[in-house]
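The values are calculated or read from the model by the stated rules, or taken from the named source; none is laboratory data. For clarity, every value in this text was computed on a predicted model and none was experimentally measured. For neighbour counting, all protein chains shown are included, and Cβ atoms are generated from backbone atoms with ideal geometry for every residue, glycine included. With ligands, DNA and RNA removed, areas are computed over all heavy atoms of the protein, side chains included. Shrake-Rupley method; radii C 1.70, N 1.55, O 1.52, S 1.80 Å.
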Amino acid sequence: MLQRPRRNRKSAAVRNMVRETSLSASQFIFPMFLLSGKGQRSEVASMPGIYRLSIDLMLKEIEECMKLGVMSFDIFPAVPDEHKDKYATYSYAEENFYLHALSAVKKEFPEACIMTDVAMDPYSSDGHDGIVEDGRILNDETLDILGKMAVAQAQAGADIIGPSDMMDGRVGHIRQALDEAGYSEVSIMSYTAKYASAYYGPFRDALDSAPKSGDKKTYQMDPANSREAIREAMLDEAEGADMLMVKPALAYLDIIALLRETTTLPVAAYNVSGEYSMIKAASERGWLDENRCMMEKLLAIRRAGADIILTYFAKQAAGLLKEGYNF
Ligand code: PBG
């Protein structure tokens, strides 16, 4: 036999040498859930190991993550019901605890990269990402609110703004709003191909942000489509996005690969809440080896073409990598 592929697998040294894909903590973004107040910590029931934290405890958690090499954090607020209204006005209100927390993180850890989420749902009494009128989501009226929200977050110290709302034209609108307010150095990572997915369930538990009526199918993408992802990518790029994102990650590896070929921008993938919970639940039952499955799927997301991974496993995986975990 002239060809014996097994020769390239014969020892760890050889396997490590020919390995095509790598994982590093610097490529992870850790999504975190923020509570108002002090000393507050509650586990998300459907996401074992993931906690909603008030800012004092979040600062400690960020410090621990940074010691493991995770430098980037995407922070989401759990907004008390009394602050929710039809127009998500609390999202850019001066007293918003989320904005104060962003400033605190930036002050304590100027070298960290702080990403924020722009969408109305955590602040909306309707639980939708846009303004609801007679059961319809109003696109252009929503843009105005998203622009104000993005500017307020930039002012609080955000490094990267993450529009997750899927309204048409929002990247361009937010870019213009940021530039006009003097935040031309603040980046936009657009949720370019965000699908109407059932895998967001545990996240909506964490923030109590599920839609009060209807679903998100008129703005989030149809899981059956891939050409539409290219269309969204071209628009986001033209509107000034700095990085593009595919979400969820695991059920959409083909979309990650497609965008990697379509754009020269960095491509991120959001390994979403349900994808985290599946591995946690199965390994709690002893059905899967948690660490190995976690690393295998993170590697798969990178292999598909993602430069960056948003994952609830960021801290756990960074810990293993630091110990020298080998696949
Ligand atoms: C808000 C938002 C969602 C997620 C990130 N930003 C939920 C949704 O669109 O309903 C989901 C993240 C996850 O499931 O981990 N627009």
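Figure legend. Inter-residue proximity from the range 219-242: first residues open to solvent by 60 Å² or more (accessible area, probe 1.4 Å) and in a helix (DSSP H, G or I), second residues of a type outside the set (Lys, Arg) and away from the ligand (no atom under 16 Å from the Cβ), beta-carbon distance below 7 Å, spacing 6+ or different chains. Indicated pairs: 237/263; 237/265. Screening residue 216 with (1) charged (D, E, K, R); (2) under 25 Å from residue 85 (Cα atoms); (3) touching a strand residue (DSSP E or B) at 6+ places or on another chain (Cβ under 6 Å); (4) within 14 Å of the ligand (Cβ to nearest atom) gives one miss only, at (3). Right, residue 245: within 30 Å of residue 135 (Cα to Cα), surrounded by fewer than 18 Cβ atoms within 10 Å (Cβ to Cβ) and of a type outside the set (Phe, Trp, Tyr) or not? The answer is no for residue 245.
Just the residues that are open to solvent by less than 20 Å² (accessible area, probe 1.4 Å) and either modelled with pLDDT under 95 or of a type outside the set (Lys, Arg) (or both), please, taken from the range 158-171.
Kept after step one, since they are open to solvent by less than 20 Å² (accessible area, probe 1.4 Å), are these residues of the range 158-171: 158, 160-167, 170-171.
Of everything in the range 158-171, those that are open to solvent by less than 20 Å² (accessible area, probe 1.4 Å) and either modelled with pLDDT under 95 or of a type outside the set (Lys, Arg) (or both) turn out to be 158, 160, 161, 162, 163, 164, 165, 166, 167, 171.
Residues in the range 193-212 that are among the hydrophobic types (A, V, I, L, M, F, W, C) and open to solvent by less than 40 Å² (accessible area, probe 1.4 Å) were compared, and the one that is nearest to the ligand (Cβ to nearest atom) is 203. For the range 303-319, a residue qualifies if it is out of contact with any strand residue (DSSP E or B) (no Cβ under 9 Å at 6 or more places or on another chain) and either crowded, with 19+ Cβ neighbours inside 10 Å or of a type in the set (Gly, Ala, Ser) (or both), and exactly one does: 319.
Of these, 140, 126, 134, 81, which one is over 19 Å from residue 216 (Cβ atoms) and open to solvent by 20 Å² or more (accessible area, probe 1.4 Å)?
Criteria check complete, one pass: 81.
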